[in-house]
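Data block below; observations after.
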Amino acid sequence: MIRHLLSIKDLDPEGIERVLATAATFQADGPRIMRKYPTLRGKTVVNLFYEASTRTRTSFELAAKRLSADVVNFSVSGSAVEKGESLKDTAQTIEAMGVDAIVIRHSSSGAPNRLAGWVSASVINAGDGMHEHPTQALLDLYTIRQHFGSFSGLRVAIVGDIAHSRVARSNVWGLQMMGADVTLVGPPTLLPPRVEGWGVETTADIEAVLPKADVVYLLRMQLERGTGATVPTLREYSRLWGLDAARATLLKDEALIMHPGPMNRGVEITADAAELPRSVITDQVANGVAVRMALLYLMLGGRDAREEVPVE
Amino acid sequence: MQRAVARIAHEITERNKGARDVVLIGVLTRGVHLAERLADRIDSIEGTRPPTGALDIGLYRDDIGMRDPVALAPTKVPNIDGKIVVLVDDVLYTGRSSRAALDALIDLGRPKAVQLAVLIDRGHRELPIRADYVGKNVPTGRNEEVRVKIAELDGEDGVELGRVDETAEEAAR
């Protein structure tokens, strides 16, 4: 298994399948009943979060604890980072305490890659800037597979603020690897530069896409990353690209509604659309724990990666 | 193999004075099929089929961190509280899998008693574990390999004794 998970591209389709199959075994007693296992006793996982997060951090913490690993939550507020400590110094401090995995979220794209070069622990990217969020993509793939069984030929429409979205990048690449067709939907100002090279269709017309889609994935309008400046008003965005119950009737009967959370209710999705039976938004959260357990088991349950590093 | 399964089924009912409270739990993968066959046998003897389950021990192994993570399969176990659990495995060797199975089982409930049934006991125990029901004792060397074949998985029933090809194993590493 891989040592670091910095990008969804660190995995190949076989590796993704292995994570998803392992995650399924953790849900054998039911999607929300996950027992505690002694498997990672003696291992330490550090959550290093430079950005706000509730579900991802909690999900990683629960996953590690259910495998009996020790978890240290390191949040920037109240730490030496507020005194100006650099990422490298923080990393080396944590490293010196002897940890097995560092789960990092950072506002700068590429921060996990830099970190991986400095430490011998496994690094897991929990979201870096506008780059990637590979574990979100894995849990989304898991949720889609739970309903459709496979990916080939599935049509997935990702709607909204693609340009600022690390979730979109990881999902597009993961879905393509598994054989799904991806269409990006949104105003041209929210499409990333050089999107032509992504191998996806793009359109501004959501109502043309919905009847054909097996999955409609709404992205959060990232107001903190300046999304607001790229659309005239949020109300107009909501009218043209938001999903409400009326627009959801365009979907096929078996199609799913997904959202990575946290939702801006009334902007990219209305409360009534988020609560339709076909919405699997809370399943995504529940599945996240199982998927992260699988990843931790596969990454930390093998031979100690650090022992393979030659000592200079 | 059929005779061994039939005999173990008789021994289980004899020792437990019937099959009431008996739950048969197979250790994945081949133990599960053996547990199902034992349950069918007990059904034909007693007229009631004991509940069965499947136990994955991958997360309880004692060599985690020493080899690549093993593939996991779903554990499906009925209620075992107060029951007599018969753990069913194909081969008993070092006893380490049985130790892991006991730990996995105890995390799931508190059985009244746990008994161990194996098709083949090949010796070389490394832990203080013994089987309550043995299909056949097969003396082996450590450089040998015992492979149990189950019709449901392997197309035919049988037990194969082979020599471990050390060069092939070396290459596989």
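Observations on the structure shown:
- Residue check, A:Ala163 hydrophobic (A, V, I, L, M, F, W, C), closer than 20 Å to A:His259 by Cβ, touching a residue at least 12 places away in the same chain (Cβ under 8 Å) and not in a helix (DSSP H, G or I): yes
- Considering (1) modelled with pLDDT of 90 or more; (2) touching a strand residue (DSSP E or B) at 6+ places or on another chain (Cβ under 9 Å); (3) open to solvent by less than 60 Å² (accessible area, probe 1.4 Å), the lone condition that A:Ser120 does not fulfil carries the number (2).
- Among residues of segment B:47-75, those that are closer than 18 Å to B:Asp21 by Cα and touching a Gly at 6+ places or on another chain (Cβ under 9 Å), counted: 4
- Residue match in segment A:103-112 (condition: part of a helix (DSSP H, G or I), surrounded by 17 or more Cβ atoms within 10 Å (Cβ to Cβ), outside the structural domain of A:Gly197 (by TED's automatic domain parsing) and touching a Phe, Trp or Tyr at 6+ places or on another chain (Cβ under 8 Å)): yes
- Segment A:57-86, subset part of a loop (DSSP other than H, G, I, E, B) and of a type outside the set (Ser, Thr, Tyr), residue farthest from A:Gly288 (Cα to Cα): A:Gly84
- Qualifying residue in segment A:141-154 (condition: open to solvent by 10 Å² or more (accessible area, probe 1.4 Å) and under 24 Å from A:Arg105 (Cα atoms)): yes
- Cβ-Cβ distances below 9 Å connect the following pairs, each with a first residue in segment A:26-38 that is within 8 Å of chain B (Cβ to nearest Cβ), a second residue that is open to solvent by 20 Å² or more (accessible area, probe 1.4 Å) and among the acidic types (Asp, Glu), and a separation of six or more residues or different chains: A:Ala28/B:Asp56; A:Arg35/A:Asp29; A:Arg35/B:Asp107; A:Lys36/B:Asp107; A:Tyr37/B:Asp107; A:Pro38/B:Asp103; A:Pro38/B:Asp107.
- Listed by first and then second residue, the pairs linking a residue in segment B:76-101 that is of a type in the set (Lys, Arg) to a residue that is open to solvent by less than 30 Å² (accessible area, probe 1.4 Å) and at pLDDT 95 or above, with Cβ atoms under 8 Å apart and 6 or more places separating them unless they lie on different chains, are B:Lys76/B:Gly53; B:Lys76/B:Ala54; B:Lys83/B:Val22; B:Lys83/B:Val23; B:Lys83/B:Pro111.
- Applying the criterion of being in a strand (DSSP E or B) and open to solvent by less than 70 Å² (accessible area, probe 1.4 Å) to the residues of segment B:118-144, the residue that is nearest to B:Asp56 (Cα to Cα) is B:Val118.
- Selection status of A:Arg18, within 20 Å of the chain's Cα centre (by Cα), surrounded by 14 or more Cβ atoms within 10 Å (Cβ to Cβ), within 14 Å of chain B (Cβ to nearest Cβ) and farther than 29 Å from B:Gly109 by Cβ: yes
- Some residue of segment A:92-102 being crowded, with 17+ Cβ neighbours inside 10 Å and within 14 Å of another protein chain (Cβ to nearest Cβ): yes
- When A:Glu207, A:Glu201, A:Glu236 are checked against the criterion of being more than 14 Å from chain B (Cβ to nearest Cβ) and touching a Lys or Arg at 6+ places or on another chain (Cβ under 9 Å), A:Glu207 stands alone in meeting it.
- Any helices (runs of 4 or more DSSP H) falling wholly within segment B:1-117 and containing at least 2 residues that are surrounded by fewer than 22 Cβ atoms within 10 Å (Cβ to Cβ) and among the hydrophobic types (A, V, I, L, M, F, W, C): B:2-15, B:96-106
- Given (1) open to solvent by 40 Å² or more (accessible area, probe 1.4 Å); (2) more than 24 Å from B:Arg61 (Cα to Cα); (3) at pLDDT 95 or above, index of the condition A:Val46 fails: (1)
- Some residue of segment A:47-56 being more than 13 Å from chain B (Cβ to nearest Cβ) and assigned to a helix (DSSP H, G or I): yes
The values are calculated or read from the model by the stated rules, or taken from the named source; none is laboratory data. This one's a predicted model, so the numbers in the text were calculated from it and none came from an experiment. Positions of Cβ are generated from backbone atoms using ideal geometry, with glycine treated the same way; all protein chains shown enter the neighbour counts. Keep in mind that these areas ignore ligands, DNA and RNA; they rest on the heavy atoms of the full protein, side chains included. Shrake-Rupley method; radii C 1.70, N 1.55, O 1.52, S 1.80 Å.
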